[in-house]
Amino acid sequence: MASLPRGSLLRRSPSQLSIISYNLLAPLYVRPVDERTGTVQAFAAFPWAEPFDEVLAWESRRPALLAELVAAEADIVCLQEVQFERRADGVHELPGWLRLSGYEYVIPAQEQMAQMAARNARVLRSCTAIGNALLYRTDRLMDVDAKKPRADATTRVCMCLRGRPATALEPLGPLAVFSVHLDATKETTRVKQLSKCVEMAVDTFGTRAVLIAGDMNSELARGSCVAALVGGAHDGTVAAPTQAELQRECASALRLSTDDGAAEDDSDTRGDDAEAASPAEGGGGGSPMPTAEQMQAWQQLYDAAQRVPRAQRVRLERVPTGATRAAYAHGAMVGPCELWKLDHILYSPRALTLSQHWSTLEAAPEASESGLPCRGFPSDHLSVAASFDVASVLQREGRTNDAMAIIKLIVAAQQWPA
């Protein structure tokens, strides 16, 4: 598959499906004073991002964010850290600047947004809801069933889409699409959140064709428990992680490493479940190696994660995007910047075949060195975007029929007399 320069047209032909995912960096999360500490926390300070008016000010960032979204012309837009507008009657709405022409959208339920707004009022003195949104092009896609539940958290919104009849995407059957923002501190929570997407696709939407995109606060490295849900780790088609890889990822998630930069970035402890910028579960210094008890718990979580795609018969692959976040090491106020691969697109190969994707920070050395946001990069995360060739419903059914025919032949062969 091809890696395209950022901003390039994603689709090679109208018959391809395209998606962009973007953590927008809500303006409320830029250098706010935390009422619990009376200070700006390190993850929200962006000390490299100067001059403020050009790099961090919302008046400068918003037009650049919008221009990137519009230029992508993506069929599906997954957004994180949307700062919703609050009407006089208390209802939270998608801000007008994100109501893109030709798109419909789904946002979190009002109850969840009210809870988030109350949390932000308590901690940041702003009764503002922040969460995810999912937009889709109505001229190419249609909502399969608007009555199905589509938002049970501010950090996960979803819907089931299919190709609109009489368009180039008509062959696309029901596809469960999720915009996610996984937890920043706990691997256990990340596994539960991603597992819920897989389970909802099957149990709620009745499909094993899945597309998940967003800020996952994990590099999905071999040995991480979240990675056990992706790429054939559950069915033996890829090699199991080594003990050293499991130990490394366990230490990283628990913040046991003596090198803070080895752990995933925690800039998103500003999420709806976070009451404070707390250390990761079980962390807090000590030996950089996990204890036997910690490794046992890690292995159990890894095994549990593996069982989810196996039980649901859903295989996920990852678009091979690179680093999407450049910042000082965890907790540091001075450089150099380090890179993290936190934003991902996961898809079902039974329904989609990757065609091409946008390049990431490997193609932007100046941004990698200076940190995000910076001039030309209006968020603390890069967007990730990709296009796919679509397998029609008939093709999917044909594959199933072929598999059943093979199974019948094998069974028949076993019944032949010796």
Filter the range 137-156 down to residues that are touching a Pro at 6+ places or on another chain (Cβ under 6 Å) and either of a type outside the set (Ser, Thr, Tyr) or part of a strand (DSSP E or B) (or both), then give me how many there are. 2
Within the range 109-128, can one find any residue that is in a strand (DSSP E or B) and under 23 Å from the mean Cα position of the chain (by Cα)? no
May I ask you to say which residue of Ala240, Ala209, Ala228, Ala213 is small (Gly, Ala, Ser) and in contact with a Gly (Cβ under 8 Å, 6 or more places away or on another chain)? Ala209
Condition (residue is polar (S, T, N, Q), at pLDDT below 95, over 17 Å from the mean Cα position of the chain (by Cα) and assigned to a helix (DSSP H, G or I)) applied to the range 235-253: is it met by at least one residue? yes
Test: residue in the range 366-383 that is in a loop (DSSP other than H, G, I, E, B), buried (at least 21 other Cβ atoms within 10 Å of the Cβ), on the phi > 0 side of the Ramachandran plot and at pLDDT 95 or above: yes
Keeping to the range 1-49, report how many residues are at pLDDT 95 or above, among the hydroxyl-bearing types (Ser, Thr, Tyr) and farther than 24 Å from Leu141 by Cα. 1
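Yes or no, residue by residue, for (1) part of a helix (DSSP H, G or I); (2) surrounded by 14 or more Cβ atoms within 10 Å (Cβ to Cβ); (3) without any contact (Cβ under 8 Å) to a residue 24 or more places away in the chain:
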site: Pro14; (1), (2), (3): no, no, no
site: Ile19; (1), (2), (3): no, yes, no
site: Arg36; (1), (2), (3): no, no, no
site: Phe43; (1), (2), (3): yes, yes, no
site: Pro63; (1), (2), (3): yes, no, yes
site: Ala67; (1), (2), (3): yes, no, yes
site: Cys78; (1), (2), (3): no, yes, no
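In the set Leu134, Leu161, which member is buried (at least 22 other Cβ atoms within 10 Å of the Cβ), assigned to a strand (DSSP E or B) and free of Cβ contacts under 8 Å to residues at least 60 places away in the same chain? Quick ask: steps written out before the conclusion?
Values: Leu161 fails: free of Cβ contacts under 8 Å to residues at least 60 places away in the same chain.
Testing whether each residue is buried (at least 22 other Cβ atoms within 10 Å of the Cβ), assigned to a strand (DSSP E or B) and free of Cβ contacts under 8 Å to residues at least 60 places away in the same chain leaves just Leu134.
With respect to Thr207, determine if the residue is in contact with a strand residue (DSSP E or B) (Cβ under 7 Å, 6 or more places away or on another chain), of a type in the set (S, T, N, Q), in a loop (DSSP other than H, G, I, E, B) and modelled with pLDDT of 95 or more. If you could, list the steps in order and put the result at the bottom.
On the way: in contact with a strand residue (DSSP E or B) (Cβ under 7 Å, 6 or more places away or on another chain): yes; of a type in the set (S, T, N, Q): yes; in a loop (DSSP other than H, G, I, E, B): yes; modelled with pLDDT of 95 or more: yes.
Criteria met by Thr207.
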Pair list, Cβ under 9 Å, 6 or more apart: the range 105-122 residue surrounded by fewer than 20 Cβ atoms within 10 Å (Cβ to Cβ), other residue part of a helix (DSSP H, G or I) and not acidic (Asp, Glu): Tyr105/Leu98
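Could you check the range 45-61 and list, in sequence order, the residues that are in a loop (DSSP other than H, G, I, E, B) and aliphatic (A, V, I, L, M)?
Taking the range 45-61 first, the residues in a loop (DSSP other than H, G, I, E, B) are 45-51, 56-57.
Selection gives Ala45, Ala49, Leu56, Ala57.
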Considering only residues of the range 314-354 that are assigned to a strand (DSSP E or B) and of a type in the set (Gly, Ala, Ser), which is farthest from Phe178 (Cα to Cα)? Ala327
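Would you be able to tell me the number of residues in the range 84-108 that are part of a loop (DSSP other than H, G, I, E, B), farther than 18 Å from Phe178 by Cβ and either hydrophobic (A, V, I, L, M, F, W, C) or touching a Pro at 6+ places or on another chain (Cβ under 8 Å) (or both)?
4
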If I filter the range 349-360 for residues that are without any contact (Cβ under 8 Å) to a residue 24 or more places away in the chain, over 28 Å from Glu59 (Cα atoms) and of a type outside the set (Asp, Glu), do I get at least one hit? no
Of the listed residues (Val30, Val40), the one being under 23 Å from the mean Cα position of the chain (by Cα) and among the β-branched types (Val, Ile, Thr) is Val30
Would you pick out the residues in the range 89-143 that are under 29 Å from Thr39 (Cα atoms) and touching a Phe, Trp or Tyr at 6+ places or on another chain (Cβ under 8 Å)? His92, Pro95, Met113, Thr128, Ala129, Ile130, Gly131
Assess whether Val91 counts as being hydrophobic (A, V, I, L, M, F, W, C), at pLDDT below 95 and surrounded by fewer than 15 Cβ atoms within 10 Å (Cβ to Cβ). no
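The values are calculated or read from the model by the stated rules, or taken from the named source; none is laboratory data. These numbers were taken from a predicted model, which means no experiment stands behind them. Every residue, glycine among them, receives a Cβ derived from its backbone with ideal geometry; neighbour counts consider all protein chains shown.
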